[in-house]
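A.B. asks: First the structure, which I've put down as structure tokens, then a few questions once you've had a look.
The values are calculated or read from the model by the stated rules, or taken from the named source; none is laboratory data. In this text the structure is predicted, and so the values were computed from the model without any measurement. Note: ideal-geometry Cβ built from the backbone for every residue, glycine included; neighbour counts use all protein chains shown.
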Amino acid sequence: MSLLYRPALRSDIPAILALYAPFVQNTTVTFEYQVPSLSDFTQRFERISRDFPWYVCEDNGQVIGYAYADRAFERAAFSWDADLSVYIHPDYHHRGIGTKFYQLLESDLRKKGYHNLYALITGENLESRRFHEALGFQLLGTLPETGFKHGKWLALYWYGKRLRMASEHPTEFPK
């Protein structure tokens, strides 16, 4: 296995979308009902990657995972918070890929001045909950029966991790 981690490129979008589609169609990992069109997903990628890091992992030239950060909330006072997402092909789980992605994202976001990281995890996704806990994320709250997908109500677990001490007051917005 020859893994390469690198910033995602616009040319990666079809491969990223192909990786994401089965999660939308077959799981409750994401609350999306329909696989986004290539055009919609391209717009999403361009909006996010304009301000936040987005990485892919390749195995011999094939995209087998991706991770990115995005705005956690809309209001200006939340500008130091980021929401993280990671998707890895099931054949590559438990190989440290998610950990490496989060190391890259945390390093980038810390350098840019971010204060808090968040992850919203579907209640059924025990593997992701354990993964985040192992990386130092703490359960902040549970939203019971907050999403409905595949014929059932699902809880959402809200995890957080602090990157900086509260005494470190920002002088400007993260860049």
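A.B. asks: Pairs needed: first member in the stretch 138-157, among the hydroxyl-bearing types (Ser, Thr, Tyr); second member anywhere, surrounded by fewer than 13 Cβ atoms within 10 Å (Cβ to Cβ) and assigned to a strand (DSSP E or B); C-beta distance under 7 Å; at least 6 residues apart or different chains.
C.D. replies: From the stretch 138-157, the pairs are 157/142.
A.B. asks: Also, I was wondering about something else. Identify all residues within the stretch 1-34 that are assigned to a loop (DSSP other than H, G, I, E, B) and over 17 Å from the mean Cα position of the chain (by Cα); write none if there are none.
C.D. replies: Across the stretch 1-34, the qualifying residues are 1, 2, 33, 34.
A.B. asks: Then there's this: Can you find a residue that is at pLDDT 95 or above, among the small types (Gly, Ala, Ser) and under 21 Å from residue 139 (Cα atoms) anywhere in the stretch 103-113?
C.D. replies: No, that holds for no residue.
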